[in-house]
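The values are calculated or read from the model by the stated rules, or taken from the named source; none is laboratory data. Worth saying up front: this structure is predicted, and the values here are computed from it rather than measured. Methodologically, a virtual Cβ is constructed for each residue, glycine included, from the backbone with ideal geometry; neighbour enumeration extends over all protein chains shown. With ligands, DNA and RNA removed, areas are computed over all heavy atoms of the protein, side chains included. Shrake-Rupley method; radii C 1.70, N 1.55, O 1.52, S 1.80 Å.
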Amino acid sequence: MNKAVVQAARALTPTVTQYQLTHAPGAPRLPAAVPGQHVTLRVGPRLKTLTVVAADDEGYRLAVRERRRDDRRGPLAARLHVGAAVGVTAPAGRFTADTPVPFTHFLAGGVGINPVLAVLAGGRLRNWHLLYVDRGTEEFPFLATIRELAREQGGVVTVHDTAAQGRPDWADVVARIPAGGAVGVCGPQAMVAAVRDAADGAPGRRELIADGPVPAAAGDVPATVEVQCVKSGVSFQAAQNRPLLDELRRNGVSVPSSCRQGICGTCEIEVRSGRIDHRDDVLTEQEKAESDYMIACVSKSIGTRLVLDV
């Protein structure tokens, strides 16, 4: 990994912070990056893959969203401060300011707005449409910049606040996009999977280009899973074609929730035993590998038995 330091930090929303990285003293300059590419940061023992929002000869600007536990800063943000030493991989990824696709529509959830912003800032597109989904009026970083780009480029921005409006009806959203449109989709894996399902069921063809990892195929998870809830003393069979959050509530286990899109982390549950297909945009890569926690609104069990600390 390349050696870097945090040069500056600025809060964009209550949960999103923007960091400026530059090369560490005595270390080579960071590799050139195109906005929209991804880098993986090593901060102490933690790894997190992030989108490059802006880049120049001095380094990268990154935007990080992290949940809080017990009103404290999350484990990654607690280690990221001005002067902190970090490792950073070389940039990679194709959903960038240089992407040649003639996008007509964008669907962005949470920090999925970062690569969309990079594409729009490239200045090649005109008359585009963006549906920007997040939770809470304070949780839309870069909205002012996006709206200014829309004025310059003839774009249309629609904001969907899940706190007030609930989850988007992706089947309805996709159906309203004219057949033949090129759609850029950026957000949590569960959102991307829902948009793909909606596109498969809609008449006409739309070209979907998704940023980030491809969700696990349906065959990667069993149809049902035996769930044991240690604190509640409840056990039941959960159908995996429905959110685990809903199955828990159906069986009398109360779990708080908010966005229901894998963005906010409110429905995080501790996992005592089980393997998880993580589909959220909350946990770090290391946390996903450890699988000590899961986000109940979107993630699935890979095995046939799951023991939860609820």
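Residues to consider are Asp309, Asp281; find the one that is open to solvent by less than 70 Å² (accessible area, probe 1.4 Å) and under 17 Å from the mean Cα position of the chain (by Cα).
On the way: Asp309 fails: under 17 Å from the mean Cα position of the chain (by Cα).
Residue meeting the stated conditions: Asp281.
Does Arg151 satisfy the condition of being without any contact (Cβ under 8 Å) to a residue 24 or more places away in the chain and either open to solvent by less than 30 Å² (accessible area, probe 1.4 Å) or over 19 Å from the mean Cα position of the chain (by Cα) (or both)? Don't jump to the end; show me each part of the working.
Details: without any contact (Cβ under 8 Å) to a residue 24 or more places away in the chain: yes; either open to solvent by less than 30 Å² (accessible area, probe 1.4 Å) or over 19 Å from the mean Cα position of the chain (by Cα) (or both): yes.
In short, yes.
I need the full set of residues from the range 1-45 which are of a type in the set (Ser, Thr, Tyr), outside any strand (DSSP E or B) and within 17 Å of Pro91 (Cβ to Cβ), in order please. Outline the logic, then answer.
Taking the range 1-45 and keeping what is of a type in the set (Ser, Thr, Tyr), we get 13, 15, 17, 19, 22, 40.
Then keep just the ones that are outside any strand (DSSP E or B); that gives 13, 15.
Listed by number, the list is empty, since nothing qualifies.
All but one of (1) of a type in the set (D, E, K, R); (2) open to solvent by 60 Å² or more (accessible area, probe 1.4 Å); (3) without any contact (Cβ under 8 Å) to a residue 12 or more places away in the chain hold for Asp292, so report the exception by its number.
Failing condition for Asp292: (3).
Counting just the residues of the range 233-248 that are at pLDDT 90 or above and loosely packed, with under 15 Cβ neighbours inside 10 Å, which one comes out nearest to Glu139 (Cα to Cα)?
Ala239
Contact list please: Cβ distance under 9 Å, first residue in the range 232-254 and within 12 Å of Ser301 (Cβ to Cβ), second residue hydroxyl-bearing (Ser, Thr, Tyr) and not in a helix (DSSP H, G or I), pairs at least six apart or on different chains.
Gln237/Thr224; Ala238/Thr224; Ala238/Ser301; Ala239/Thr224; Gln240/Thr224; Gln240/Ser301; Leu244/Ser299; Leu244/Ser301
Within the range 123-148, restricting attention to residues that are part of a loop (DSSP other than H, G, I, E, B) and farther than 21 Å from Arg10 by Cα, which residue is nearest to the chain's Cα centre (by Cα)?
Let us first name the residues in the range 123-148 that are part of a loop (DSSP other than H, G, I, E, B), namely 123-128, 135-142.
Filter once more, keeping what is farther than 21 Å from Arg10 by Cα: 123-128.
On the way: Gly123: 24, Arg124: 25, Leu125: 24, Arg126: 26, Asn127: 26, Trp128: 22 Å.
Checking each candidate, the answer is Trp128.
Can you tell me which of Val192, Val185 is in contact with a strand residue (DSSP E or B) (Cβ under 7 Å, 6 or more places away or on another chain), touching a residue at least 60 places away in the same chain (Cβ under 8 Å) and either buried (at least 23 other Cβ atoms within 10 Å of the Cβ) or not polar (S, T, N, Q) (or both)?
On inspection, the qualifying residue turns out to be Val185.
Out of the range 249-267, which residues are among the charged types (D, E, K, R) and either buried (at least 20 other Cβ atoms within 10 Å of the Cβ) or under 19 Å from Val221 (Cβ atoms) (or both)?
In the first step, residues of the range 249-267 are kept if they are among the charged types (D, E, K, R); the result is 249-250, 260.
Selection gives Arg250, Arg260.
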